[in-house]
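Dumping the structure here so I can ask a few things about it.
The values are calculated or read from the model by the stated rules, or taken from the named source; none is laboratory data. Just so you know, these numbers come straight off a predicted model, no measurement behind them. Every residue, glycine as well, gets a Cβ built from its backbone with ideal geometry; the counts of neighbours run over all protein chains shown. In case anyone asks, the SASA skips ligands and DNA or RNA and just uses the protein heavy atoms, side chains included. Shrake-Rupley method; radii C 1.70, N 1.55, O 1.52, S 1.80 Å.
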There are 2 protein chains.
Amino acid sequence: LHVQRRQQAQGMARPSENEIIAEIFAPFAGEAGLGLADDAACLTPKDGHDLVLTCDTVTAGVHFVADDPAAAIAAKALRVNLSDLAAKGAEPLGFLLNLALPQDWTREWLEAFAAGLAEEAELHACPLVGGDTVKILGPLTVSITAFGAVPHGRLVPRLGAQAGDVLFVTGTIGDAALGLLLRRPGEKPAWAQGLSQKAREDLVSRYLYPQPRLALREALRAHANAAMDISDGLAGDLGKMLGLAGMTADIAFAHLPLSPAAGEVLAQAEELAAAIVSGGDDYEILAAVPAQKAASFERQAEAAGVAVTRLGRVTAGKSAPIIRDKTDRPLDLATSSFQHF
Amino acid sequence: LHVQRRQQAQGMARPSENEIIAEIFAPFAGEAGLGLADDAACLTPKDGHDLVLTCDTVTAGVHFVADDPAAAIAAKALRVNLSDLAAKGAEPLGFLLNLALPQDWTREWLEAFAAGLAEEAELHACPLVGGDTVKILGPLTVSITAFGAVPHGRLVPRLGAQAGDVLFVTGTIGDAALGLLLRRPGEKPAWAQGLSQKAREDLVSRYLYPQPRLALREALRAHANAAMDISDGLAGDLGKMLGLAGMTADIAFAHLPLSPAAGEVLAQAEELAAAIVSGGDDYEILAAVPAQKAASFERQAEAAGVAVTRLGRVTAGKSAPIIRDKTDRPLDLATSSFQHF
């Protein structure tokens, strides 16, 4: 109440639900959103295309730090969904926003969140088309459902890797997990002391701002037998994708694409190799591409401006994939995938 | 930890995220859900149809009572979305579930929730096709995105009421708001003492189990100029629907459809008329139908098994709709719509 009174005194009274919709969200909503003045969105599907739908929830204290910038929270909430669309080879069409506001929300925060979301929607050509804003007796929670289109029958499945396929991964691995270690309130890991300012900033930025690899969608559709986005750590997600197909892999840590910042970290603390391959939040794409198409995939990815790296080959087998360190020993990945519970 | 240990001793250890998906949700997922083993759902749109998308969040302490039965929470979370599809004249196609579990969740609770959800999905022919399950450092929160189809261009809009249209409402009004008053922990309103056991049960049931009027969808598409579902109270939502079109109405409380249970309440406490028209959670449909189609709408609604009642006529005007009591005085609706914040 105190905060609310102060805001009112400053002309920053909290908007009502109708004002939130009409003044804060509707101005940047897409056409299918019907001005956010109806019970639902209405979309005319593209001829000859399938609809791809995905949803993800992020909540303060679990998926982001409550005092992360509002625009960064908005960006992450949307991007983790766009990353799923990218992995399926889909073109984004729009998204719906479920926003649960904690009791101490302010107009200023909400406007910054909406501005960030509007910018993201524009950047990724994925408009807001609907939503629901509610009060929560708990932490800020954002659930987004994003949807997109693929030509009929052309969704790139998670199940489909074949023996002999070349495993590719986009971007760099482990940065976000290291960024989270740096970002956690109250923690100052010893290895952080030796890092350059730039490395610290790069890692935190990768944690705050996942990069959905939407530009890769056509290359994936044209080449990949299987793909998924890496949200729970490379090791665990590789195991998921290959396990579905009765496949496995044996790859070298030395072949993983690491950023200069992650390289700095490893120079300080070699043992963080395990965190790099098992930490979450990469939001890179893992793909299995038939060997005879691998060079073409690389060319098309390069043309699309997305870095891709060969990790190794898919092989038949039921055991979990192995990632070997420079002495050829398997990394200890006892906690090989981010555990949500 | 104590609870978790006890569960483990009883063979009720909490499942991992992968087990939740594979063992609890996938068994009743729809075909478009790809076994819940991919990054996204994939749906081939029906030829000649538009897609209708809606989402709603319900969270403990705001939209339901935390100790409501798990199956009732599941039912409500889905039904409030289906009610939006019904109001737009849409046939449900499927839904995505964002489930944020509080720290003390148990396998038993989750299985009851999933069983309730499976039953609802079957009942309304609206399969689960995707989702995300996360931990929340707060109350149980369920965000559902439901989607459906209407023949191209035939979504029943909220904006479209015309002067002279007959206003219809489905079912009965106010029961859920009264049920919530009875259900609130620690409250025993004086008027509740004089109610029959059956009336109490009926009102609470209407609060727990909204009735999405999906059977009315064809009648709405064939007849209505405008429709919406009433979630924030009849008075406020009538004002929203008519206000969009520059219209208003002047109707008699005596014309509202009330259940026998609500009648019992009014006999005890006449002043609850205001709660009946301004309380939330009705999930009935309000529709504006051209006068010359009104009789046909009534016949088709009856054939579909959905009760509809004439409330009055739409008139041109910018003032808020008026609802008159039996002495012809406007009800005092200062708080005429459920306020979310």
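Over all directions, average the projected area of the Cα convex hull of the protein assembly as shown and note it in nm².
Convex hull of Cα atoms, orientation-averaged projection: 32.0 nm².
In debye, nearest 20: dipole of region A:239-341 around its Cα centre with unit charges on the Cβ of K, R (+) and D, E (-)?
Details: 9 positive and 12 negative charges, 110 e Å.
Once rounded to the nearest 20, the dipole reads 520 debye.
Step through the table entries B:K76/B:K198; A:K188/A:K318; B:K135/B:K240; A:K76/A:K326, compare each Cα-Cα distance with 32 Å, and write down the pairs that go over it.
As for pairs spanning more than 32 Å Cα to Cα, those are A:K188/A:K318; B:K135/B:K240; A:K76/A:K326.
Right, next: For region B:15-132, what is the convex hull (Cα atoms) projected area averaged across all directions, in square nanometres? Don't skip to the answer; put the middle values down first.
Values: hull surface 30.0 nm².
Computed as one quarter of the Cα hull surface, the answer is 7.5 nm².
I'd like the distance between the alpha-carbon centres of region B:15-45 and region A:272-305, rounded to an integer number of Å.
Spelled out, the Cα-based centre of one part sits 25 Å from the other.
Related question: What is the mean number of Cβ atoms from other protein chains located within 10 Å of the Cβ atom of each residue in peptide A:91-99, rounded to a whole number?
Mean partner-chain Cβ count within 10 Å for A:91-99: 3.
Sticking with this structure for a sec: Sort the following peptides by mean Cβ neighbour count (other Cβ atoms within 10 Å, averaged over residues), highest first: A:223-232, B:310-319, A:142-151.
The most tightly packed comes first, giving A:142-151, A:223-232, B:310-319.
What does the buried accessible surface come to for A and B, summed over both chains, with the probe at 1.4 Å? Round to 100 Å².
What A and B bury together is about 4900 Å².
I've got another one for you. Take each of the peptides A:104-110, A:32-38, average the number of other beta-carbon atoms within 10 Å over its residues, and list them starting from the highest.
Numbers: A:104-110: 15.9, A:32-38: 20.3.
In descending order of packing, they fall as A:32-38, A:104-110.
Shifting gears a bit: What is the set of long-range amide H partners of A:R313 at a cut-off below 5 Å, with H atoms built 1.01 Å from backbone N?
A:L167, A:D250
Taking only protein heavy atoms into account and a 1.4 Å probe, give the accessible area per residue of chain B in Å². If you can, show how the numbers build up before the last one.
On the way: 13530 Å² over 341 residues.
Averaged over the residues of chain B, the accessible area is 40 Å².
For A:R299, place a label point 7 Å out from Cα along the Cα→Cβ vector, do the same in each other copy, and report the separations in nm, one decimal, smallest first.
Result for A:R299, in nm, nearest copy first: 6.8.
Oh, and also: If R0 is 56 Å, what FRET efficiency do you get for A:Q193 and B:V65 from their C-beta distance, rounded to 0.05?
0.65
Could you give the dipole magnitude of region A:90-218 about its Cα centre, charging the beta-carbon of Lys and Arg +1 and that of Asp and Glu -1, in debye to the nearest 20?
On the way: 12 positive and 14 negative charges, 81 e Å.
The calculated dipole for region A:90-218 is roughly 380 debye.
Give the distance, in whole Å, between the Cα centre of region A:80-117 and the Cα centre of region B:200-253.
Here the two parts' Cα centres lie 29 Å apart.
Shifting gears a bit: Based on the Kirkwood radius over alpha-carbon pairs, what is the Stokes-Einstein translational diffusion coefficient of region B:247-341 at 4 °C with 1.567 mPa s viscosity, in µm²/s? Don't skip to the end; give the middle numbers.
On the way: Rh = 15.1 Å.
In µm²/s, the coefficient rounds to 86.
Among A:G138, A:L203, A:G246, pick out the residue whose Cα is farthest towards the positive end of the charge dipole of chain A, where Lys and Arg carry +1 and Asp and Glu carry -1 on C-beta, about the Cα centre.
A:G246
Mind checking A:208-218 for the average number of partner chain beta-carbons within 10 Å of each residue's beta-carbon?
Per-residue shielding by partner chains comes out at 0.
Here is a further query. Along the Cα-to-Cβ line of B:S16, 7 Å from the Cα, sits a label point; which residues in region B:123-138 have backbone N less than 17 Å from it?
Under 17 Å, as judged by backbone N against the label point of B:S16, lie B:133-135 of region B:123-138.
How large is ³J(HN,Hα) for each residue in region B:50-61, as worked out from phi by the Karplus curve 6.51 cos²θ - 1.76 cosθ + 1.60 (θ = phi - 60°), to whole Hz, x for Gly and Pro?
So the Karplus estimates, Gly and Pro as x, are 8, 9, 10, 10, 8, 9, 8, 10, 10, 9, 4, x Hz.
So what is log10(I(q)/I(0)) for chain B at q = 0.15 1/Å, when the Debye sum runs over its Cα atoms only?
-1.26
Have a look at B:S16, B:S83, B:S205 and tell me which one the Gaussian network model of chain B (Cα, springs below 10 Å) gives the largest fluctuation.
B:S16
Okay, moving on. GluC sites (Glu not before Pro) within region B:175-238: which are DSSP loop residues with at most 11 other Cβ atoms inside 10 Å?
Of the GluC sites (Glu not before Pro), the ones in loops of region B:175-238 whose Cβ has at most 11 other Cβ atoms within 10 Å are B:E187.
Assigning unit charges at the beta carbon (Lys, Arg +1; Asp, Glu -1) and nothing else, what dipole magnitude in debye, to the nearest 20, does region B:149-207 show about its Cα centre? Please report the intermediate quantities before stating the final value.
On the way: 8 positive and 5 negative charges, 33 e Å.
Around 160 debye, computed over region B:149-207.
What is the average number of partner chain Cβ atoms found within 10 Å of a Cβ in B:79-86? Before the final figure, lay out the partial values.
Details: counts 0, 1, 3, 0, 1, 5, 2, 1.
Average per residue, whole number: 2.
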